[in-house]
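The next block holds one structure in the form of structure tokens; read it before the comments.
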Amino acid sequence: MPPPPTAAAIQSVRAVYAELALRPLQRACSGLAECCRFRLTGRTPFLTRGEALVAAAAWRAAGRSTLPRPADGACPLLAANGRCQIYEGRPFGCRTHFCAAAGGPYARGEVRDLIQQLETLDSQLGGNGAVNLPVALEHAMAATTRRMR
Ligand code: SF4
């Protein structure tokens, strides 16, 4: 089966994010953005290919074509003011991981069906499982640049 077109893949991932937003799981993120500082936390979000396409599209939406490589090991999408620059397009892990102060991360079992949808799409797009955010995003940016040529 051929991979789904980029637009269809993006739509599928956004549907997963919309479904997640409907789940009655209360968290209270106060925007500390510590979770976006990977070197500080020792944790980096892993993205499936569809998630990376959504994040890359959000990054490009403001006319950006390259990714920064922050020397401090923070997420390349984190602005100097501590805000996510692709908030509406942020990956699943950024939507489900909350620090202890915000109520803690979602249990995998609470969102397993949504993870499975993302993994199925990843496979359809030729992926082999989620990879860390900087690598996933570089790949998605390169892939979408090729398609735009
Ligand atoms: S994508 Fe946004 S929310 Fe996720 S780690 Fe990067 S800056 Fe933080």
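All of the numbers you see were taken from the coordinates with simple rules; none came from a lab. These numbers were taken from a predicted model, which means no experiment stands behind them. When we count neighbours, we look across all protein chains shown, and the Cβ atoms used for this are built from the backbone with ideal geometry, even at glycine.
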Work out, step by step, the length gained on full extension between Ala8 and Cys99: first 0.36 nm times the residue separation, then minus their alpha carbon distance; give nm to one decimal. 29.5 nm
Using θ = phi - 60° and the Karplus form 6.51 cos²θ - 1.76 cosθ + 1.60, what ³J(HN,Hα) does each residue of the range 69-75 get, whole Hz, x for Gly and Pro? 10, x, 5, 8, x, 7, 4
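For the range 68-149, just run the numbers: alpha carbon Rg, then divide by 2.2 N^0.38 Å, N being how many residues it has.
1.26
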Given +1 on the Cβ of Lys and Arg, -1 on the Cβ of Asp and Glu, and no further charges, what dipole in debye does the chain carry about its Cα centre, rounded to the nearest 20? 340
Which value in Å does the Kirkwood hydrodynamic radius of the range 6-148 take, with 1/r averaged over all unlike C-alpha pairs and then inverted? 15.5
Order the peptides 130-141, 64-75 from the highest to the lowest mean number of other Cβ atoms within 10 Å of their residues. 130-141, 64-75
Run the numbers for Glu34 and Met1: contour at 0.36 nm per residue of separation, minus the present Cα-Cα distance, in nm. 7.8 nm
Express in whole angstrom the spacing between the alpha-carbon centres of the range 49-89 and the range 31-48. 13
Amide proton proximity set for Cys99, modelled H, under 5 Å, gap of 5+: Gly104
First check a/c for the range 61-116, with a ≥ b ≥ c the square roots of the eigenvalues of its C-alpha gyration tensor; if it is under 1.5, answer rounded, and if not, answer prolate when a/b is larger than b/c or oblate otherwise. prolate
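Please work out whether the range 1-72 counts as rounded, prolate or oblate from its C-alpha gyration tensor, where a ≥ b ≥ c are the square roots of the eigenvalues and a/c under 1.5 means rounded, while otherwise a/b larger than b/c means prolate and anything else oblate?
oblate
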